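All remarks here apply to the structure that follows.
Coordinate-derived values only; no laboratory data. Fair warning: this is a prediction, and the values are worked out from it, not measured in the lab. Cβ sites come from the backbone with ideal geometry, for glycine too, and all protein chains shown count toward neighbours.
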Protein chains: 2
Amino acid sequence: MKQVSIKQVAELAGVSIATVSRCLNEPSRVREKTRLRVQDAIVRTGYEPNTLARNFRRGRTNLIMVVLPSVGDPFFTEVLQGIRSVVDAEGYSLIISETQFNTMNADEVGAMLVTRQADGVILLASVFPFGGEVLTRAKRRGQPIVIGCETLSAALADFPSVHIDNIRAAREATEHLLGLGHRRIAFVTAGAGSPLTRDREEGYREAMAAAGETVRPGWVVEGGLSLEGAIRATGDLLTHPERPTAVFCGNDEMALGAMHAIHQDGLNIPGDLSVMGFDDIRYAATASPTLSTIAQPAREIGRRVARRMLNAIDGGPDASARRGEPEIVPHRLVLRNSVAPPPD
Amino acid sequence: MKQVSIKQVAELAGVSIATVSRCLNEPSRVREKTRLRVQDAIVRTGYEPNTLARNFRRGRTNLIMVVLPSVGDPFFTEVLQGIRSVVDAEGYSLIISETQFNTMNADEVGAMLVTRQADGVILLASVFPFGGEVLTRAKRRGQPIVIGCETLSAALADFPSVHIDNIRAAREATEHLLGLGHRRIAFVTAGAGSPLTRDREEGYREAMAAAGETVRPGWVVEGGLSLEGAIRATGDLLTHPERPTAVFCGNDEMALGAMHAIHQDGLNIPGDLSVMGFDDIRYAATASPTLSTIAQPAREIGRRVARRMLNAIDGGPDASARRGEPEIVPHRLVLRNSVAPPPD
DNA sequence: GGTGAAAAAGAAAACGTTTACATTTTATCC
DNA sequence: GGATAAAATGTAAACGTTTTCTTTTTCACC
């Protein structure tokens, strides 16, 4: 009942194991006659290559690890599909790890980086816990690491990355709201630990400052990137003495939560309050009212990240260590029905 | 620049490689004095175990593959999180493969099953393309396979599984609509290839038949499990000469699409039409109006599936080959605001 | 048909662990 | 302190490939 190995195939075919191996890996280098004999032996013995031995010998697994905040987030899963569409064709599978919004699973990522179980790691989420040590070690060893979506923290600045200009996008969205006449604009951020919305908040503050509007204390609330968090945060917002007329959310997930909280309070969108999201997940277009937001080219980001990863893997240490210029992809302001001029 | 191996550690510590290995794997079996010496040598050399060699030698990867229709589906990602919560603690990582709603990636799953890159495979999606061959082969070899959510097709009947009673759940939901006075009830199914909604459709038809209602041609439409598909399908439904007063959708994703289509037509939910979903994804509770649906205990399903998988892996061929009684977990009808008595 | 080069096949090492078995050291008991 | 058991360590094989280096075979050419 033991697994049949290359050896038994060789025996049955009357060739050496080297020839069998060559039949599998570079069939062109073996004569047709023997190749057929080996093929036959493979079928007759029911041989299946032992991937673990192969991986070991080759020093690679054809596995790429992807670290993201949560598989539940429709935006990141779309990026993921972009990644998959590229790496699939090259025979790679994906190991997926979640940081659960920075309740970081430091062990798993660290271990994966360290142990080379994966040929490379794509970071779609900030992995601050390691900032320094693990990543520099990985870099020294020439392990491919590519960053997507996430803005670069100092520790990650040396790795190739693909993302939109988050600051500018948030500024534009805020300017749009200001242009409609809104002055009391709130911002729902992820929270202290997350650099994801930090840049977006920065863009928001820049636009407010440029328009001469002050951001009142209590207008920037933490939604933790989640539906529930945003519902709570928006609830707070609605009790603010200077209630905002517009709520700009760090991502669409939170925007949907905000909309729910506003509806619960019996208020109308966009009549009483406007809501602006960020990401353009697919539910944004079908929400009621439909959600205005910033569209990121999620799939395209995924594809580009994936290509850089494949380059890094193929190119060896050099390619991966090469300081990649961050690739900035275009965003787009998508205007739907959740935004209108303020009441009065 | 070569990787430092156990050998150099042994040399520096003045012990044999076996002792180093033991320090790593069963430290209790080595004297403290030498253990410290080895520890020191490990640090000094910067040694890191070669996972690929270890996997090869041990014959396992600590990887579990999960096959699901799409990572974009909030229901399955919640199941996924349940799975993760269990296997994480045991040191397993997850390889995730998508069938893209039955545009099956037969190669990847088949290959993974065959090559033992993963220690086991959890199927949350139907994998009909293999029905026979690959799965029986996997079974013969004692490879752990566990099925979740999916109803069992004949080919899979021998594997352990965890799911709700889809037929009964759908019947109950339909009965609820009937009870409110609806007679013209439509059903949005996934499509021909998907056994996922097949049982649900069956439950719907049973309930209709039991109530003496006939299901008119054109009342059962295909939404392909997706938002867009459901929008289209529901659009068709609304032009039906005998327009339904209630739409029961095979999953919440499609229900959200249906709601959007209905709103687009200027109709009111639940005033003009009631909408019922299935799954209770988190967006169901925040949709506008909030969506009535069948709640599946997604996380719990994930946890149970994961536990069975771990058992199968640990228990060896025996445990996994053992015909598992399907575990039926309870569902729950969740009534929210998208359902009301029919107009008139 | 003999020569040489090219192509095909074989022999054996190597990859870095784990582990069965053998050996040495330590501890225990009288 | 010596016999014995137990604990600690060492030796070496094994895991199934891939790959380097040789050796053999084939083929084309004169």
- How many percent of the alpha carbon pairs in the range B:198-339 exceed a separation of 22 Å? 47 percent
- Average partner chain C-beta neighbours within 10 Å, per residue of B:69-76? 4
- Message: At 7 angstrom along the Cα-to-beta-carbon line, where would the label on B:ARG60 sit relative to the other copies? Give the distances in nm, shortest first.
- Response: 2.8
- Message: About the Cα centre, and with charges only on the beta carbon of Lys, Arg (+1) and Asp, Glu (-1), how big is the dipole of the protein assembly as shown? Nearest 20 debye, please.
- Response: 3740 debye
- Task: Taking the Cα centre of chain B as origin, sum charge times position over the Cβ atoms of Lys and Arg (+1) and Asp and Glu (-1), and report the length of that vector in debye to the nearest 20.
- Result: 2080 debye
- Item | Farthest toward positive dipole pole in the protein assembly as shown [+1 Lys/Arg, -1 Asp/Glu at C-beta], among A:ALA261, B:VAL30, A:PRO341 | B:VAL30
- Candidate aspartates and glutamates - alpha carbon under 19 Å from B:LYS7, same-chain residues fewer than 8 apart omitted: B:GLU26, B:ASP40, B:GLU48
- Item | Inter-copy separations for A:VAL43, label at 7 Å along Cα-Cβ, nm, ascending | 6.0
- Message: Which residue fluctuates most in the GNM of chain A (Cα springs below 10 Å): A:ASN50, A:ASN62, A:ASN311?
- Response: A:ASN50
- Shielding score for A:286-294, defined as the mean number of other chain Cβ atoms within 10 Å: 4
- Restricting to Cα pairs under 8 Å and 6 or more apart, the percent relative contact order of the range B:247-344 works out to 34 percent
- Item | Dipole magnitude of the range A:166-296, debye to nearest 20 (Cβ charges: Lys/Arg +1, Asp/Glu -1, about Cα centre) | 180 debye
- What are the nm distances, shortest first, from A:PRO330 to its equivalents in the other copies, labels at 7 Å along Cα→Cβ? 5.5
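Which value in Å is the Kirkwood Rh of the protein assembly as shown over different Cα pairs? Can you show the working numbers first?
Values: mean 1/r = 0.0365 Å⁻¹.
In the protein assembly as shown this quantity evaluates to 27.4 Å.
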- Would you mind giving the mean number of other chain beta-carbons within 10 Å of the Cβ of each residue in A:41-53, as a whole number? 3
- Note to self, chain A gives a 222 nm [θ] from helices alone (DSSP H runs n ≥ 4, -39500 (n - 2.57) apiece, / all residues, nearest 500) of -13500 deg cm²/dmol
- With the 8 Å Cα cutoff and a minimum separation of six or more residues, the range B:6-49 has a relative contact order in percent of 43 percent
- Item | Average Cα contact separation per residue, chain B, under 8 Å, 6 or more apart, as relative contact order % | 18 percent
